[in-house]
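Novice: Sharing a structure with you now.
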Amino acid sequence: MCIFACLALCGACGYENTFSAGFGTNTAAVSGVLFRGGDACGACYQLMCNYRVDPKWCLRRRSISVTATNFCPPNNNGGWCDPPRQHFDLSMPAFFRIAKQANEGIIPVLYRRVACRRKGGVRFTLKGQPNFNMVMISNVGGSGEIKAAWIRGSKSRSWVAMRRNWGANWQTGVDLRSQTLSFKLLLADAKSQRFLNVVPSSWQFGQSFASKTQFI
């Protein structure tokens, strides 16, 4: 597998700003084999340049942890992101933590999935309109990979299942205006957690709220 230096910001996961989403510059656009239709959004990987394969450009024994925040599309003409290749497009700051300066190209890497270590709590950004609530969920620790999500308004005792709209955006058709909102998340590693009353009833579309709790 390999990586290429680029600015892998925003994009197919729906993170409008990777800094405000909590990811900083340690981000990557990943090929389809890794992206899996958006399931991998928020997942973390540890990368190390394969010094044995490319001692000219690899920084020896250097590794970084990056978050999948974008999709690297195939060109179906032998490109680096064509299936079945496992490929990472890194932001430039992340790339030069494992590769030597003056190399803005391809390097071979070793990689593995790792737990995501986040600062602060899980973040919920409210989008949409009255009859179409969409929530971007970011800064998720643990596996970082959300398998299922639920929402509950303060006027109800029942959790409403949300469905993935695209990337890190989850939606529901329930009108939840003027209600305090709670969320429940299930990660790919089967860990689940509730985030109760994280959004006040005065919320407006476009606002973001951070919980006080986090996956470990």
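The values are calculated or read from the model by the stated rules, or taken from the named source; none is laboratory data. Note that the structure is predicted; figures quoted are calculated from it, not measured. All Cβ positions, even for glycine, are placed from backbone atoms using ideal geometry, and neighbour counts span all protein chains on display. Remember, those area values only see protein heavy atoms, side chains included, never the ligands or the DNA or RNA. Shrake-Rupley method; radii C 1.70, N 1.55, O 1.52, S 1.80 Å.
Novice: Which condition number in (1) surrounded by 21 or more Cβ atoms within 10 Å (Cβ to Cβ); (2) of a type in the set (A, V, I, L, M); (3) part of a loop (DSSP other than H, G, I, E, B) is the one that Ile107 fails?
Specialist: Just one mismatch for Ile107, condition (3).
Novice: Within 17 Å of the chain's Cα centre (by Cα) and in a loop (DSSP other than H, G, I, E, B): is that true of Pro84 in this structure?
Specialist: Considered against the rule, which asks whether it is within 17 Å of the chain's Cα centre (by Cα) and in a loop (DSSP other than H, G, I, E, B), Pro84 comes out as no.
Novice: I'm checking my understanding of the structure. Among residues of segment 164-196 that are small (Gly, Ala, Ser) and under 19 Å from the mean Cα position of the chain (by Cα), which one is farthest from Ser143 (Cα to Cα)?
Specialist: Gly167
Novice: I would also like to ask the following. Taking the residues in segment 110-148 that are among the small types (Gly, Ala, Ser) and outside any loop (DSSP other than H, G, I, E, B) as candidates, determine which candidate is most open to solvent (accessible area, probe 1.4 Å).
Specialist: Within segment 110-148, the match that is most open to solvent (accessible area, probe 1.4 Å) is Gly128.
Novice: A follow-up question, please. Given the conditions (1) open to solvent by 10 Å² or more (accessible area, probe 1.4 Å); (2) assigned to a strand (DSSP E or B); (3) not basic (Lys, Arg), and given that Gln101 satisfies all but one, which numbered condition is not satisfied?
Specialist: (2)
Novice: Can you pull out every residue in segment 162-173 that is surrounded by 14 or more Cβ atoms within 10 Å (Cβ to Cβ) and either over 20 Å from Thr69 (Cβ atoms) or of a type in the set (A, V, I, L, M) (or both)?
Specialist: Residues satisfying the conditions are Met162, Ala168, Thr172.
Novice: Being free of Cβ contacts under 8 Å to residues at least 60 places away in the same chain and either among the small types (Gly, Ala, Ser) or closer than 26 Å to Thr69 by Cα (or both) narrows it down to one of Leu176, Leu181, so name that one.
Specialist: Every option except Leu181 fails the conditions.
Novice: From Gly24, Gly32, Gly37, Gly42, grab the single residue that is out of contact with any strand residue (DSSP E or B) (no Cβ under 6 Å at 6 or more places or on another chain), free of Cβ contacts under 8 Å to residues at least 24 places away in the same chain and open to solvent by less than 50 Å² (accessible area, probe 1.4 Å).
Specialist: Of Gly24, Gly32, Gly37, Gly42, the one residue that is out of contact with any strand residue (DSSP E or B) (no Cβ under 6 Å at 6 or more places or on another chain), free of Cβ contacts under 8 Å to residues at least 24 places away in the same chain and open to solvent by less than 50 Å² (accessible area, probe 1.4 Å) is Gly24.
Novice: Whether any residue in segment 85-93 is surrounded by 15 or more Cβ atoms within 10 Å (Cβ to Cβ) and touching a helix residue (DSSP H, G or I) at 6+ places or on another chain (Cβ under 6 Å) is what I want to check.
Specialist: Yes, segment 85-93 contains a residue that is surrounded by 15 or more Cβ atoms within 10 Å (Cβ to Cβ) and touching a helix residue (DSSP H, G or I) at 6+ places or on another chain (Cβ under 6 Å).
Novice: Another one. Among the numbered conditions (1) in contact with an Asp or Glu (Cβ under 7 Å, 6 or more places away or on another chain); (2) open to solvent by 60 Å² or more (accessible area, probe 1.4 Å), tell me where Pro74 comes up short.
Specialist: (2)
Novice: Just for segment 197-216: of the residues that are within 17 Å of Gly141 (Cβ to Cβ) and of a type in the set (Val, Ile, Thr), which one is least open to solvent (accessible area, probe 1.4 Å)?
Specialist: Checking each candidate, the answer is Val198.
Novice: Additional query: Count, please, the residues in segment 149-161 that happen to be under 21 Å from Gly121 (Cα atoms), open to solvent by less than 50 Å² (accessible area, probe 1.4 Å) and not small (Gly, Ala, Ser).
Specialist: Residues meeting the conditions: 1.
Novice: Kindly check whether there is at least one residue in segment 174-196 that is at pLDDT 95 or above, among the hydroxyl-bearing types (Ser, Thr, Tyr), more than 11 Å from Asn133 (Cβ to Cβ) and open to solvent by less than 20 Å² (accessible area, probe 1.4 Å).
Specialist: Within segment 174-196, one or more residues are at pLDDT 95 or above, among the hydroxyl-bearing types (Ser, Thr, Tyr), more than 11 Å from Asn133 (Cβ to Cβ) and open to solvent by less than 20 Å² (accessible area, probe 1.4 Å).
Novice: Can you list the strands (runs of 3 or more DSSP E) found entirely within segment 165-214 that contain at least 2 residues being among the hydrophobic types (A, V, I, L, M, F, W, C)? Explain how you work it out, then say what you get.
Specialist: Details: elements: 169-172, 181-187, 192-199, 208-210.
Of the strands (runs of 3 or more DSSP E) lying wholly inside segment 165-214, those with at least 2 residues that are among the hydrophobic types (A, V, I, L, M, F, W, C) span 181-187, 192-199, 208-210.
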